[in-house]
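The values are calculated or read from the model by the stated rules, or taken from the named source; none is laboratory data. Everything numeric here is computed off the predicted structure, so don't read it as measured data. Reconstructed Cβ throughout: ideal geometry from the backbone, glycine too, with neighbour counts over all protein chains shown. The accessibility values were calculated without ligands, DNA or RNA, using every heavy atom of the protein model including side chains. Shrake-Rupley method; radii C 1.70, N 1.55, O 1.52, S 1.80 Å.
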Amino acid sequence: MNLKGRDIISAKDLTREEVEFLIKEAEKYRNILKSRKPIFKADDKVAITVFLEPSTRTRLSFQFAGTYLGIKVLDFGASEISSIQKGETFEDTMTMVDGYEPDVIILRQSVAGNAEKAAKICAAPVINAGDGINEHPTQALTDVYTLYRIFGHLDGLHIGIMGDLKYGRTVKSLSLMLDKFRDIKLYYISPPSLKVRDDILNGIKNAEYEFAERVEDVADKLDALYVTRVQKERFSDPSEYEKVKGSYKITRDMLLKLKKIPYILHPLPRVDELATDVDSMPQAKYFEQAKNGMFIRIALLKNVLGIEE
Ligand code: NCD
């Protein structure tokens, strides 16, 4: 598999075989890391995280991944302390960052399509860590890696994707990622005003899908339920947000009433759509999912940087 130097902008940028290879690599380095030594001596490689929108897991898991790999990791810092504050354009900012010759740029920002734009500007490979409502491919890698660890396979899974399907970029990337596998069935569960967008559905070539408004109506059919928060920051009209806020919630009581309790995943952060009383249930997998994100990003960085064993 040759991922060296590749931009990773969309879930579509990876083949099924490449995803399976990255999952194998993540499992391998997870075991090696138990010794707590840097996996490689690759301190000639420099990664920079450029996060112009809030992030905890994605930024930190990339930074830990780089540290455990044994590369150098720099951070752009909060956009508030950068020249973006003075009015510098996105294009100029990316030209500058690239000019310092990092070996990889990990980028999050709020405009859909700007990750692709950055990839055109920059000589360094760009990994999209979220571009507005568009995509978040490394979250989707984290999600399928988590599903693989639970089920031992990805073909044939029936997955409920619930919540803000209109604005959630993880929804799009996960849909495209799962679509690479065979006999996938997706259940899109949302209030009518947060229904999945056509540009997401148009990208699905193999998977079957159907829609529901209440999780109870499809729960029996699900292997896993992927819950997402209402993406407050994407609403231009705050009153629209207030209308849908709190319109769905997964709780322990609600799950205990189901005939079959699906595994529960969530990209996090959660707000109020997933009660903390679910955390102690054996089906709750979201904190493990966040941890898995670090191992799959180790695998991705190692291969995009072309670090030799
Ligand atoms: C997600 C994101 O940024 O899209 N968070 C993450 O990276 N784990 C989901 C979200 O913010 O709701």
Computed over region 27-71, the distribution of all Cα-Cα distances in 10 Å bins, rounded to whole %, is 25, 48, 25, 2
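Quick check: at a probe of 1.4 Å, how many percent of the accessible area of region 137-290 sits on carbon and sulfur atoms?
Of all accessible area on region 137-290, carbon and sulfur atoms account for 46 percent.
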Can you list the equivalent-ellipsoid semi-axes of region 248-309, largest first and in whole Å, using the square root of 5 times each Cα gyration tensor eigenvalue?
33, 12, 8
Among I121, I23, I264, which one shows the highest mean-square fluctuation when the chain is modelled as a Gaussian network with alpha-carbon springs under 10 Å?
I121
With n ≥ 4 as the cut-off for DSSP H runs, can you work out [θ] at 222 nm for the chain, using -39500 (n - 2.57) per run divided by the number of residues, rounded to the nearest 500?
-11000 deg cm²/dmol
Where the centroid of each part is defined by its Cα atoms, how far is region 73-87 from region 248-262 in Å?
43
Please compare each pair in K4/K221; K172/K285; K34/K221; K28/K285; K12/K45; K34/K195 to a cut-off of 32 Å on the Cα-Cα distance and tell me which ones are over it.
K4/K221; K34/K221; K34/K195
Between K221 and N31, Cβ-based FRET efficiency (R0 41 Å, step 0.05) works out to 0.75
Just how large is the dipole of the chain about the Cα centre, in debye to the nearest 20, putting +1 at every Lys and Arg Cβ and -1 at every Asp and Glu Cβ?
820
Most mobile of I133, I150, I189 in a GNM of the chain (Cα contacts under 10 Å)
I150
State the volume of the convex hull built on the alpha-carbon positions of region 137-290, expressed per residue in Å³ and rounded to an integer.
104
Cα Rg, Dmax (largest Cα-Cα span) when computed across the chain, Å:
19.1, 57
Label point at S247 placed 7 Å out along Cα→Cβ; residues across region 192-217 whose backbone nitrogen lies under 19 Å:
192-201, 210-217
For the chain: accessible area per residue (Å², 1.4 Å)
45
The helix 90-99 Cα axis meets the longest alpha-carbon principal axis of the chain at an angle in degrees, between 0 and 90 and rounded to 10, of 50
With a 10 Å cut-off between alpha carbons and a GNM built on the chain, which of K166, K205, K291 moves the most?
K205
